[in-house]
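First the structure, in the form of C-alpha cells, and then the observations on it.
The values are calculated or read from the model by the stated rules, or taken from the named source; none is laboratory data. In this text the structure is predicted, and so the values were computed from the model without any measurement. When we count neighbours, we look across all protein chains shown, and the Cβ atoms used for this are built from the backbone with ideal geometry, even at glycine. Surface accessibility is based on the protein's heavy atoms, side chains included, excluding ligands, DNA and RNA. Shrake-Rupley method; radii C 1.70, N 1.55, O 1.52, S 1.80 Å.
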Amino acid sequence: MSIANKQKNPPAKVEEARTDTRYKLVDRTLKRFHYQQDALIEVLHTAQEAFGFLDDDLMIYIARALKLPQSWVYGVATFYHFFSLEPQGEHTCVVCMGTACYVKRAAEIIATVQDEFGIAPGQTTADGKLSLATARCLGSCGLAPVMVIDNQVLGKETPDTAMSRLREVVAAPAATATASVSSATIEPQEGPTP
Amino acid sequence: MTQLVTGKKTRFATAWLGGCSGCHMSLLDLDERLIELFQAADLLYSPIADIKEFPQQVDVTLVEGAVANVDHLELARQIRERSLIVVSFGDCAVTGNVTSLRNRLKVDDLLSMVYREGPGREPRGLEGDGILPALIPRVLPLHQVIAVDAFIPGCPPDPDAIWEAVSALLHGAPVRLKQEMRYFG
Amino acid sequence: MNRPELQAMGERERERQQSYRCRLLCCASTPCLSSGATAVIETLKQFIKERELDANVLVTATGCMGPCSRGPLVTVQTRGLEDVVYEHVTPELARDIALSHAAPEPKALDRNLLAADSPFFAKQKKVVLSNSGLIDPERLECYVARGGYGALAHALREMTPVEVCEAITRSGLRGRGGAGYPTGLKWDLVRKAPGTRKFVIANGDEGDPGAYMDRTLMESDPHRVLEGMAIAGYAVGAEQGYIYVRGEYPIAAKRLENAIRMAERRGLLGGRVLDSSFSFRIDIRIGAGAFVCGEETALMASVMGRRGQPSPRPPYPAQSGLWGMPTLINNVETFGNIAPIIDNGAEWYAAIGTDKSKGTKIFALAGTVATTGLIEVPMGISLREIIFDIGGGIPNGRAFKAAQTGGPSGGCIPAEHLDTPVDYDSLRRLGSIMGSGGLVVMDDTSCMPDVAKFFMEFCMDESCGKCVPCRVGTVQLHRILEHITNGSATPRDMETLQELCVMMQETSLCGLGQSAPNPLLSTLRYFREEYQAHILERSCPAGKCTMDNVPPLEQGADLQRRARSTTSDAEVS
Amino acid sequence: MSVVTLHINDELVSARSDQKLLEVIREQGIDIPTLCHLEGVSDLGGCRLCLVEVQGSSKLLAACVTPVQEGMSVYTHSERLVRYRRMILELLLSERTHTCAVCVTNGHCELQYEAAELGVDHVRYEYLAPQLHLDASHDRFTLDHNRCILCQRCVRVCDEVEGAHTLDIMGRGANSRVITGLNRPWGDCVSCTSCGKCVQVCPTGALFFKGSSVGEMEKRHAFLSWILNGRERKEWQW
C-alpha cells in the first residue's frame, strides 16, 4: 500500500468504530481467546471475514486489544497470503496454480484474463468489479485446471470457457451474478463464446 | 586464467565503456610508475591515445565502465575476441555501479526525461537521429556480457591496487589483490 | 462413556444400517462437491421422501472414494448384491439408481458403472482410508460402528504409555509428512522429555501443490485423526492437542470442529477420556496461507500467532516446542495410521510394505493420467503400477515423460525409473522424495526447465525471507530459469545453476530452502539435454517456451533487428 | 555451570555449557564473519555466514545459535564453508542496490568489509535492482530500503533493548521489508522514541543520521554492550 493511498484514508477514530456491528464479531473472537496475544491469527481471520479486508483502523484496534505493537500486527498480517490489506472487487476470480493445473496450462487462463481485464493476479480492476488471484492448489486436481469464481468451483476450464464465464459474471448486476454462475454447467464448452 | 609469455613487451590496451573515466584518472595517478609500465608494455588502444579501431592482438586490456549501449556491446565483443586477458577495471565494470542506477527506469522514460523533455535547446535523442547509440534495456557489469579474467574493484580503484594488478599481469602472474585493495566503492 | 457403552453404540449403529434394503453412499468431499455432488444428494433425499422409500433406502453423504476425476461418485450397498460404484452421477441417474436398487428384486444399472475389480481398486490397500467413502464423516456413530475409538479404549485400558510408544516403534511407521522420521522414536523422545506441560500437534498444513491426502482424510474420516492424536497424547503425556488446518480447507475444518464437539460430548475427548484418568483436549488452528508453515518450527510459530518463520534446530520441538514445552508434531496422515496399528497390532502393520518403509501410503494422483484421484497403496509398489494400472496410463495417445513426487521439495522421475519401488529410500536415491504424497504425472508436452521454473517460482513466493540463501537464492535461480526458458541464457548459467542449488541445500535454515533446489536438480539430472537445447540451440523441444529473448552479448543485433522490423512494418502500413 | 570440552579446528578447547559456538570460536581468536549477529540481542541465525561444520552432523550449523556440546568437533574454515560464505555475500550484494561509491557508510560498512575480507571482487548473479523507496520522514534518521540486508538487528534492538517495537518486518521472502509502525512514514510513528539505537547497530547504510554524506556515517556497535552492562550493574541511579 502506498503512502499516498493512506493519506486519503485519515487515521481512525477507534472509539467511533466500536459502534460498527462488525467489530462485535471481532470482540467475540477476542473474548473467546481471552485476549491472548497468541490468538492474533484467529482474530485476524475473524476480522477479515467480517470486513473483507484489513484496513489500518482495524489493525490498530486489534493491536490495542491484544496489547501488541502495531508493527507486529502488520508484520503478521502481511506474512500470510490469506489476509488482504486492500478491499476486494465485487467479484473474485481465483485461478488454481497447483502443479496439476499448471501442467494442464492454467497459466494460459491467467494470461487471457490478465489481457482482457488489465489486472495481474492480486489486483482489482479500477471499477472495483473484479479481483484476480491465484491459489496454491485447491486440492481439486482431478478437475484441473480449476478456477473459482465467487466461491463457485469450476473445473476443466479453458481460456475461452473461463473468459465467457467471467464476462457473464462481471456484466451481470451484483445480486444475480452468483446465481448465473451456479447455473452454468461444469462441462467444458467447445470453442469461443461471444 | 590465461598467463602471458613474459620476456617480450606486453601488448597493452585500456578501454572506456559506460563510466566517468575516473578509473583512467586513477591509472594516470600511477605517476612515475607509468614509466615503468610503458617500459614493459606498448599501449595499443586507449581513450588517452587517439586510436579509432581496437587492434587485432592484445595481451592485456583494462576495461573501465559498465555495458550500457550497443556500442559498448560491440566493443566488449571485440575486446574479448582480440585480447588474451580482459580485466574489469573499477566498480562500473565490476558491479555496474552508478551507471547501472538507471536500471530501475525504463529506457524510454529515461530518454524522455533527459533528452525529449530535457533542458537542451532542441529535442535530441529521438529514434534514428543517429546521435545516440541505442541503449540496452539494462546496464550490465562487464562479466555478465563477456568472460572476464580479473577484477579490480574500487570507485575509482586506488593507484596502488591498479599497480598491484598490472605489475602482476606484466609478470605473467594471476591478480591477487590484498584485502584493503578489494573494497567496492 | 466407558468401553462397554462404546461397543453398544457401535452395535446399535450397525443394526440400524443393516435394517435398510440398500444404502446409497454419495461422495461429498471437495472434488465431487465441485463437480455437482450437492445436487445429486439433494435430489436423492427429495426423491426418496417423495416415493416414501425412507424405510428401505438410506442416503449417506460420505468422504472420498478415490477416483476424483470421475465424480460425482455414488457407491451402492444392496442386501444380496455386490457393492457397486457409479461414476459421473447426475441427479437423473441418481433417481434411476435409487429405483433400481431399492426394488424388491434389486438390480444394478448397466450405465456409468465402475467395475469393483478394476485395477484402480484392486491394486490399492486401504488402511488409513479404510473408512473413507463408507462412513458419514459428520456422524460419530458411523465411525464407532466401524470399530472407531476402540484403539483408544484399548490403549487407555491395557497399555502403558511406554508400551504404546514401543508398539509404534515396532510397527516401523515413519512420518508421512515427507522426511520419514521414525514415528515411534519421536514419540519416545517427547515422552521422555522433561516438561510441566506437553503438546501434540497434527500438521494439516498440506501446502504441496497437487497434494490433498490430508484434506481428504480430515474431510472423510475426522475421528480417525482425533483418535490418533488422543493415543499420541496418552503416549507422550500431553493433555492438549492442536490440529493446524490449511486455510484453503474450510470443509475439513468444519468437519473436524464438529467431530471434536461430538467426541467431547460423548466423553471420547476432553476431561477423563472414556472414564480413565487421562484428559485430552483438541483445538483447531486455521492456517492463513503460507507453505513454509508446513515446516514444524514455522508451524509452531504460527500456532502461537506469529509470523510463520522457522527457527534453527536444535533445540528440536521434542525438547522445546510450543511455548518452550516438549511438543510432538506429526502429519495428519501419520496420525491416521495409529488406530489401525493399535487395533491390529504392530506386527500386522510391519508386514505391509518394504523392509525399511512399512505400511501404506496415500497418494494424490494427478496430472496427465487417465484416472486421477486419491489412492492408498502398500509401500514398495512400483511407479509403473500406480500410473499405468491404477491410473490407467497416459490419455490422448501421448507418451509418459516424468512423474513428479514430493511437490516443491521433491523431484521428477523419468521413464527409465518407472519400475522403482515407491518407498522413502528408493525415491531419495532418485533425487526425489516421498513427500506428503503428491504425484503429478507429466506427458511429453511438458517442458522440464519450465516445470523447474514453476516449482522455483513457488518456492520463491513461499520463502519466508529469514535466511539469505533461500530468500535470494530462490530469486536468482528463478531468474536463471527464466533466462533459460526465454532464450537469453548462456552456457555459464548452467554452472551457476548447479552451484547455487548445492549451496542452498547445504546452507538454508529450514527444510523449505534446503529442498527448494530438488525439482531443479532432478530435472537437470534426467533431462539435461533439454536444458542444453534451450541454451545452445535456443529451442524448446516440448514447444512450450517462447524463446523470444537473446543472450546479453547479442542484444545489440537484436535491438537493431527489432528496430528494422518495426520501421518496415510502418512502411507497409 | 558445568564446563565442556570440544575441538575447534582440531584444537582442544573448553567452554561453559551455556555458551554458543560462535562465542567460543571468537574467544579462540578465530575470525568468523557474521552480519545478523549482534552482541546484546537475541540471535536469529539468518545470515548464515557463521555456518560451521560439526563432525557427525550432516548439516552445516550456524555457530551463533548452536549450543556447545561435550566432545564436539568443529571446523570453521573448510574450503566449502569459505566458498559458501562468499556466495552468500554475493547474493546479498545482488539483492538490493548497494552502490558503495555513493553510500553514506562507504568505508564503514560491514557488508563491504566482509566482501573485501572474503575476497568477493565481483558478483556472478544478476543484480535484482528492485525499486524501493527511502523514508526520510523522521526528524533525525533516514531508512533506505535499497541498502537493507534484512538482518533484523534494528528490529531486535528496538524490541529487546529499547522496548518500543516500532520496527518489524513485513511481507515475506524477497518482498520482506523493515517497517515502522503500520508501515507508515517513520516520522508519524508515535511509538518511536528517537533513541537511535537502530541506526547505530545497522551494519550497512540502510539506517543513517540525517545529513550524513557519502562515507560520513560511522556506526558505534559497542555502545550496545555498554548500555546493557551498565543496566545490569545498575551503574546509573536515575
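So which of C:214, C:208, C:188 ends up being in the same structural domain as residue C:273 (by TED's automatic domain parsing), touching a residue at least 12 places away in the same chain (Cβ under 8 Å) and in contact with a Ser or Thr (Cβ under 6 Å, 6 or more places away or on another chain)?
Selected residue: C:208, the only one of C:214, C:208, C:188 that is in the same structural domain as residue C:273 (by TED's automatic domain parsing), touching a residue at least 12 places away in the same chain (Cβ under 8 Å) and in contact with a Ser or Thr (Cβ under 6 Å, 6 or more places away or on another chain).
Pick from segment D:58-115 the residues that are touching an Asp or Glu at 6+ places or on another chain (Cβ under 8 Å), open to solvent by 50 Å² or more (accessible area, probe 1.4 Å) and closer than 30 Å to residue B:141 by Cα: which of them is nearest to the other protein chains (Cβ to nearest Cβ)?
Per the stated criteria, the residue is D:80.
Please state which one of C:180, C:184 is in a loop (DSSP other than H, G, I, E, B) and within 24 Å of residue C:347 (Cβ to Cβ).
Being in a loop (DSSP other than H, G, I, E, B) and within 24 Å of residue C:347 (Cβ to Cβ) holds for just one of C:180, C:184, which is C:180.
Among the residues of segment C:384-404, write down those that are in contact (Cβ under 8 Å) with a residue 40 or more places away in the chain and open to solvent by less than 10 Å² (accessible area, probe 1.4 Å).
Hits for segment C:384-404 are C:386, C:387, C:390, C:391, C:402, C:404.
Might you let me know whether segment A:4-18 holds any residue that is closer than 22 Å to residue C:464 by Cα and at pLDDT below 90?
No, segment A:4-18 contains no residue that is closer than 22 Å to residue C:464 by Cα and at pLDDT below 90.
Search segment D:131-147 for residues being open to solvent by 40 Å² or more (accessible area, probe 1.4 Å) and touching a residue at least 40 places away in the same chain (Cβ under 8 Å), and hand back the single one that is nearest to the other protein chains (Cβ to nearest Cβ).
So the residue we want is D:137.
Taking the residues in segment C:466-516 that are under 28 Å from residue D:156 (Cα atoms) and β-branched (Val, Ile, Thr) as candidates, determine which candidate is surrounded by the fewest Cβ atoms within 10 Å (Cβ to Cβ).
C:475
Select from segment D:191-220 the residues that are charged (D, E, K, R), surrounded by 14 or more Cβ atoms within 10 Å (Cβ to Cβ) and touching a strand residue (DSSP E or B) at 6+ places or on another chain (Cβ under 9 Å) and list them in ascending order.
Selection gives D:216, D:219.
List the number of the failed condition for residue C:500; all other conditions in (1) part of a loop (DSSP other than H, G, I, E, B); (2) away from chain B (no Cβ under 14 Å); (3) of a type in the set (A, V, I, L, M) hold.
If we test residue C:500 against (1) part of a loop (DSSP other than H, G, I, E, B); (2) away from chain B (no Cβ under 14 Å); (3) of a type in the set (A, V, I, L, M), just (1) comes out false.
Looking at segment A:134-160, I want the residues that are within 19 Å of residue A:82 (Cα to Cα) and at the interface with chain C (Cβ under 9 Å from one of its Cβ atoms) and have a partner that is among the basic types (Lys, Arg) and open to solvent by less than 10 Å² (accessible area, probe 1.4 Å) with Cβ atoms under 7 Å, at least 6 apart or on another chain. Which pairs are those?
Listed pairs, sorted by first residue: A:139/C:215.
Please identify the pairs in which a residue from segment D:116-130 that is at the interface with chain B (Cβ under 7 Å from one of its Cβ atoms) has its Cβ atom under 9 Å from the Cβ atom of a residue that is among the acidic types (Asp, Glu), counting only partners at least 6 apart or on another chain.
What qualifies is D:116/B:180; D:117/D:31; D:122/D:90; D:123/D:90; D:127/D:95.
Could you check how many residues of segment C:490-547 are more than 30 Å from residue C:299 (Cα to Cα), small (Gly, Ala, Ser) and touching an Asp or Glu at 6+ places or on another chain (Cβ under 8 Å)?
1
If you go through segment C:300-331, how many residues are in contact (Cβ under 8 Å) with a residue 40 or more places away in the chain, touching an Asp or Glu at 6+ places or on another chain (Cβ under 6 Å) and more than 19 Å from residue C:185 (Cβ to Cβ)?
Residues that pass the stated criteria total 1.
Sort out which residues of segment A:67-104 are more than 7 Å from every other protein chain (Cβ to nearest Cβ), open to solvent by 20 Å² or more (accessible area, probe 1.4 Å) and outside any loop (DSSP other than H, G, I, E, B), and write them in order of number.
The answer is A:92, A:94.
Out of segment A:17-47, which residues are more than 27 Å from residue C:246 (Cβ to Cβ) and open to solvent by 90 Å² or more (accessible area, probe 1.4 Å)?
Result: A:18, A:19, A:21, A:24.
Consider residue C:242 against the criteria (1) in contact (Cβ under 8 Å) with a residue 40 or more places away in the chain; (2) within 14 Å of chain A (Cβ to nearest Cβ); (3) closer than 21 Å to residue C:437 by Cβ: it satisfies all of them except one. Which criterion is unmet?
All conditions pass for residue C:242, except number (3).
Looking only at residues that are assigned to a loop (DSSP other than H, G, I, E, B) and at pLDDT below 95 in segment B:157-174, which one is nearest to the other protein chains (Cβ to nearest Cβ)?
B:174
What is the residue count in segment A:118-152 for residues that are in a loop (DSSP other than H, G, I, E, B) and within 22 Å of residue C:65 (Cα to Cα)?
The number of residues fulfilling the criteria is 7.
How do the pairs read when you match residues in segment C:14-31 that are farther than 17 Å from residue C:82 by Cβ and part of a loop (DSSP other than H, G, I, E, B) with residues anywhere that are among the acidic types (Asp, Glu) and open to solvent by less than 30 Å² (accessible area, probe 1.4 Å), using Cβ under 9 Å and keeping only pairs 6 or more apart or on different chains?
C:28/C:136; C:28/C:219; C:29/C:219
Could you tell me which numbered condition residue D:199 fails, if it satisfies all but one of (1) at pLDDT 95 or above; (2) part of a loop (DSSP other than H, G, I, E, B); (3) more than 12 Å from every other protein chain (Cβ to nearest Cβ)?
Tallying (1) at pLDDT 95 or above; (2) part of a loop (DSSP other than H, G, I, E, B); (3) more than 12 Å from every other protein chain (Cβ to nearest Cβ), residue D:199 fails exactly one: (2).
Select from segment C:198-217 the residues that are part of a loop (DSSP other than H, G, I, E, B) and within 14 Å of chain A (Cβ to nearest Cβ) and write down the one among them that is surrounded by the fewest Cβ atoms within 10 Å (Cβ to Cβ).
Ranking the qualifying residues of segment C:198-217, first place goes to C:207.
Take residues that are open to solvent by 30 Å² or more (accessible area, probe 1.4 Å) and free of Cβ contacts under 8 Å to residues at least 60 places away in the same chain and tell me which of the helices (runs of 4 or more DSSP H) falling wholly in segment C:56-151 contain 1 or more.
C:91-102, C:119-122
Among all residue pairs at least 6 apart or on different chains, which show Cβ distances below 6 Å where the first residue, located in segment A:115-128, is within 15 Å of residue A:86 (Cβ to Cβ) and assigned by TED's automatic domain parsing to the domain that holds residue A:163 and the second is surrounded by 15 or more Cβ atoms within 10 Å (Cβ to Cβ) and of a type in the set (A, V, I, L, M)?
A:119/A:132; A:121/A:132; A:121/A:133; A:125/A:119
Quick check on residue C:261: is it at pLDDT below 95, more than 20 Å from residue C:333 (Cα to Cα) and either out of contact with any Gly (no Cβ under 9 Å at 6 or more places or on another chain) or open to solvent by 10 Å² or more (accessible area, probe 1.4 Å) (or both)?
no
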